[in-house]
Amino acid sequence: MKAPFPWFGGKSRAAPLIWERFGNVPNYVEPFAGSLAVLLQRPGGPGRNETVNDKDAWVANFWRALAADPDQVAFYADWPVQEVDLHARHQWLVKQSEFQERLLPDPEYYDARIAGWWVWGLSLWIGGGWCARPEWQGRHACERAPKGIHALEQKRPQIKKGGTGVHRAAYARQPWRQRPCLKGQGVTRQLPAISGQAGASGRGVHAQYASDLEEYLGALSQRLRRVRVCCGDWKRILGPSPTTEIGITGVLLDPPYGVEDRDAVYNVDSRDLSRDVFAWALEKGENPKLRIAVCGYEGEYCFPRSWTCVAWKANGGYANQGQETRGRVNAQRERIWFSPHCLQPGLFPLWEEWDGDRC
C-alpha cells in the first residue's frame, strides 16, 4: 500500500530491500514512523506484532485517527485546493497544543479533524514547515519568508498532477471542481508544477488510489487495525518487553539525519539524535534476536565489518518539487546499515552491496 501523504526521507523505494533483510519477523518495531512507507509494503500483509512510534504529534495523531475513524478523517481531508484556507488552517493547527498534551499520556486519544486538516495541508505544502512551531526547529521555512501578505506570495499550494497525498482521490471523484490557476504575468517567484490531469498518476496515494478517498483510507485503517501507534521518545519501544521478549524483532531506525547539510524539514528535529541511534544499534547489533536496519547518508556512521552497508537511490525528496538540486544529490548518498543477524539475500537492481569502508 502507498502512504497517503508525501514525507521527506520516506523509504518507499527501499522497503523491498529492508523486508528481504528482515524476513517475516514475528515482531516489527519502528521508532521513527513518518509515513510508514516500509510497514505498508510488508509482504503478505500485517505481521503478528507491529509497533510504531513518532515524537511528532501530528504524525502519531494522524495514524491513530485513521485506524480508529477513517470516515471522519476522510471528511475533513476532502476539501478543494484553496490557498487562503491552506494558510488559515496552518495558523489554526500550530495553535493546537491541547491535543498534543493529551496524545502523549493517552495511547487511545486522537483528533480526527486535526488529522484530516493536517494531511490535507501536508499534501499541498511545498517543502518543510507545515504545522511547525518556530521553537521546534529554530525558524522554519515559513517563518524565514517575508511576513504578512508576502508570506502568501512565497508559499503556494502544491497542485502538481491534480494534487498530492489525499487530494488526488478527492478530485478524481469530483471532476467539476476547478483548480486555481497560478500562472500569472510579471511573476518572478518559483511556482509549483501544475501539469497533468485529475486522473493522472502522481506521488504517494495518487499513484494507485485515484478514485475514492474514503475507500482508500478505509483500507489503510484496516491495515493498521492491530498496529500499536505510540507517541514519544524513540527508546520507549525498544526495551526488552516490546522487542526480544516477543521473539525475533525487526527494528527499522530512520532518525533525522545528523549531517550538517541535511534539509531542515523536521518538526521535531535534532542532529544529535542520529548519534544516539548509532550507539544503541552498535550496542544491540550482536543480539541474535534483533535484525536492525539503520538509515543515513554515506559516511554518517562507522559500523564494524560484521554489518552490511547497502547503497540505494531515493527519489530526491522535496527538492524534486522545485528547481533546487540538493535533494537529487542527496538521493545518491542514501545508505542502510544492516546488523549481523539480518538475512543475506541476493542483490536487487535498486541497490548494491557497499564493498568499501563501512563508514
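Just so it is clear, none of the values below were taken in a lab; they were calculated from the coordinates. Since we're looking at a predicted model, the values are computed, not measured. Cβ placement follows ideal geometry from the backbone for every residue including glycine, while neighbour counts extend to all protein chains displayed.
Tell me the net charge near Leu103. Cut-off is 11 Å between Cβ atoms, Leu103 excluded, with +1 for each Lys or Arg and -1 for each Asp or Glu. Mind dumping the intermediate values first?
On the way: positive: Lys55, Arg64, Arg102; negative: Asp54, Asp56, Glu98, Glu101, Asp106, Glu108, Asp111.
Summing Lys and Arg as +1 and Asp and Glu as -1 gives -4.
Filter the trypsin sites (Lys or Arg not before Pro) in region 1-55 to those in DSSP coil with at most 15 other Cβ atoms within 10 Å of their Cβ, and list the result.
Details: sites: Lys2, Lys11, Arg13, Arg21, Arg48, Lys55; in loops: Lys2, Lys11, Arg13, Arg48, Lys55.
Passing both the DSSP loop test and the Cβ count: Arg48.
From the cross-link list Lys235/Lys313; Lys2/Lys235; Lys289/Lys313; Lys235/Lys284; Lys284/Lys313; Lys55/Lys289, which pairs have alpha carbons spaced over 22 Å apart?
Details: Lys235/Lys313 28 Å; Lys2/Lys235 27 Å; Lys289/Lys313 29 Å; Lys235/Lys284 13 Å; Lys284/Lys313 27 Å; Lys55/Lys289 26 Å.
Long pairs (Cα-Cα over 22 Å): Lys235/Lys313; Lys2/Lys235; Lys289/Lys313; Lys284/Lys313; Lys55/Lys289.
Using the number of other C-beta atoms within 10 angstrom as an exposure proxy, rank Trp307, Trp92 with the fewest first. Intermediate values should be presented prior to the final figure.
Values: Trp307 19, Trp92 12.
By the 10 Å Cβ count, ascending: Trp92, Trp307.
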